[in-house]
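These notes concern the structure reproduced below.
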Amino acid sequence: MLFFCRGLRAASEAIRRRVQNTRACLLLQHGKAEQAEGPLRAAIETARSQQAKTLELRATTDLARLWQGQGRIDDALAVLQPLCWWFSEGFASRDLKRAAEMLDALQSASAHALMPVKDSRAVA
């Protein structure tokens with residue numbers, strides 16, 4: 001009976017993570033980005049408490065995408081980069097590919113932001 005109860009609890013947590021992530025994605029699709037951050041953070045915390053790294057990665061990638069759209073490149077890099085580095089296998093998985101693409105885009109945007117702007121008035 002104890003194993004059955006643990007199984008039910010784990011299943012309910014998995015459903016909860018999925019609902020939080022789906023809610024956040026729906027909010028994003030309907031242009032309500034400011035309301036999506038809370039459910040994404042909740043999905044991340046729930047995944048962490050269950051040690052579900054792939055689900056944590058999925059929610060963190062979505063949060064990084066949200067922050068990228070808000071111009072919060074450094075914040076997005078700070079949450080996504082360490083999580084991507086945690087993985088040592090599964091690089092062909094859809095979730096890890098999405099995260100790697102997002103990480104590349106963030107790093108590119110961050111590098112672009114650090115490039116000096118040429119002053120067109122400067123004498124050559």
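Some notes on this structure:
- Selection within the range 46-98 - within 16 Å of Ser110 (Cβ to Cβ) and within 8 Å of the chain's Cα centre (by Cα): Ala64, Arg65, Ala76, Val79, Leu80
- Subset of the range 64-89 (residues that are of a type in the set (Phe, Trp, Tyr) and over 16 Å from Glu37 (Cα atoms)): Trp85, Trp86, Phe87
- Filter result for Glu13 (modelled with pLDDT of 65 or more, over 23 Å from Ala76 (Cβ atoms) and part of a helix (DSSP H, G or I)): yes
- Count of the range 31-59 residues, restricted to those that are polar (S, T, N, Q) and within 22 Å of Arg94 (Cβ to Cβ), is 4.
The values are calculated or read from the model by the stated rules, or taken from the named source; none is laboratory data. Just so you know, these numbers come straight off a predicted model, no measurement behind them. Positions of Cβ are generated from backbone atoms using ideal geometry, with glycine treated the same way; all protein chains shown enter the neighbour counts.
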